[in-house]
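One structure, pasted below without further comment.
The values are calculated or read from the model by the stated rules, or taken from the named source; none is laboratory data. Remember, it's a predicted structure, so these values are computed and weren't measured experimentally. Heads up, the Cβs are rebuilt from the backbone with ideal geometry, glycines too, and the neighbour counts pull from every protein chain shown. What goes into the accessible areas is simple: the full protein's heavy atoms, side chains included, and nothing from ligands, DNA or RNA. Shrake-Rupley method; radii C 1.70, N 1.55, O 1.52, S 1.80 Å.
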Amino acid sequence: MKRLIVFLFVLGTLFLFQSCTQENNDDNPDNLAAPSIPNPALFTIPVQSFGVQSGKETSTTRNDKSNWIHAGLSVLVWNTVVFVHTAVPIAAFGNAFDYEAKYIGDLTWEWAYEYQAPPANGSITYDVTLTGTYIDNNDQVQWTMTVSEQGSGKDFVWYEGIVTVGHSEGTFTVNKDPENPQPYMEIAFQRNTSDNNVTIRFSNVLAGDEGQGDYIEWRTQNGQEFDRGYDVWNKQSLLQIEANEIQKDGRVKHPAHFGDENWHCWDTDQFNIDC
């Protein structure tokens, strides 16, 4: 009888251990680590290639720099559009790096925290929930950022997208705002892991908007004379720009503006030159 009691105790202990182990495995069946948060820099347009215009410019020198000015303004307009509609959600997204993720089951991790927008954006405090879920045999992660303005009790999905585990490519959709929660901008990126060249496209996807379908795409062209490139599509017109991020020289092609298919260049001081 004593042996039977010992046997049942051991058997029960083993069953309990196996049950706990199985429960843990079910909780995180592949023993995965929390997914790596994409770099918020993927959601911005670099403008360093265009240098800085002097405050002492005259109408004559501005005319002599017309190629550079036309290229720079075209990028600046898009940069402003992107910044106005993504500055707060990008900052809120980036704050997740300061917090630990919690596993909540179903291959999903959650970052939960508060974010206060700067005074220029109303100093609004948001409750933020960022989730990352492994999908496609754990090769990709589905990201969703939900925010709620404190006191409103109203959740709003600001960002959602799918990114490969190694961050080699991905697509995000930014919804417009809590009062108009429909897709406004799509951000798609690709990163070549061999040469680290990156291509990022920002597209207007707001249904019914006059600019729907317009986009700006920027890319690194490492190893080339002009190591940065920009394509701007606007109302059936393509503008192409190539520039050197360090030297600040570059060229622009825009048939709708120049009336030809030629490149129009500027030097390291941004003055027009022959290409």
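From GLY166, GLY161, which residue is buried (at least 17 other Cβ atoms within 10 Å of the Cβ) and under 30 Å from THR193 (Cβ atoms)?
On inspection, the qualifying residue turns out to be GLY161.
Please verify whether the range 107-114 includes one or more residues that are within 19 Å of GLU186 (Cα to Cα), of a type outside the set (Ser, Thr, Tyr), touching an Asp or Glu at 6+ places or on another chain (Cβ under 8 Å) and open to solvent by less than 40 Å² (accessible area, probe 1.4 Å).
no
Can I ask one more? Among the residues of the range 171-181, is there at least one that is in a loop (DSSP other than H, G, I, E, B) and over 17 Å from the mean Cα position of the chain (by Cα)?
yes
Here's a follow-up. Among the residues of the range 240-257, what is the count of those that are open to solvent by less than 30 Å² (accessible area, probe 1.4 Å) and of a type in the set (A, V, I, L, M)?
3
Is it the case, given these coordinates, that GLY223 is within 21 Å of GLU242 (Cβ to Cβ), free of Cβ contacts under 8 Å to residues at least 40 places away in the same chain and open to solvent by less than 20 Å² (accessible area, probe 1.4 Å)?
Against the criterion (within 21 Å of GLU242 (Cβ to Cβ), free of Cβ contacts under 8 Å to residues at least 40 places away in the same chain and open to solvent by less than 20 Å² (accessible area, probe 1.4 Å)), GLY223 does not qualify.
For ALA188, all conditions in the list (1) within 17 Å of the chain's Cα centre (by Cα); (2) open to solvent by 20 Å² or more (accessible area, probe 1.4 Å); (3) closer than 30 Å to ASP274 by Cα; (4) among the hydrophobic types (A, V, I, L, M, F, W, C) hold save one; what is the number of the exception?
(3)
Let me ask you something else. Give me the pairs: first residue in the range 66-89 and farther than 14 Å from GLN240 by Cα and assigned to a helix (DSSP H, G or I), second residue charged (D, E, K, R) and open to solvent by 30 Å² or more (accessible area, probe 1.4 Å), beta-carbon distance under 8 Å, and six or more apart or on different chains, which are they?
Cβ pairs passing all conditions: HIS85/LYS176.
Looking at (1) out of contact with any strand residue (DSSP E or B) (no Cβ under 7 Å at 6 or more places or on another chain); (2) assigned to a strand (DSSP E or B); (3) of a type outside the set (S, T, N, Q), can you tell me which one TYR113 breaks?
Evaluating TYR113 over (1) out of contact with any strand residue (DSSP E or B) (no Cβ under 7 Å at 6 or more places or on another chain); (2) assigned to a strand (DSSP E or B); (3) of a type outside the set (S, T, N, Q) leaves (1) as the failure.
Are any of the residues in the range 149-158 touching a residue at least 12 places away in the same chain (Cβ under 8 Å), part of a loop (DSSP other than H, G, I, E, B) and of a type in the set (Lys, Arg)?
Looking for residues that are touching a residue at least 12 places away in the same chain (Cβ under 8 Å), part of a loop (DSSP other than H, G, I, E, B) and of a type in the set (Lys, Arg), one finds at least one in the range 149-158, hence yes.
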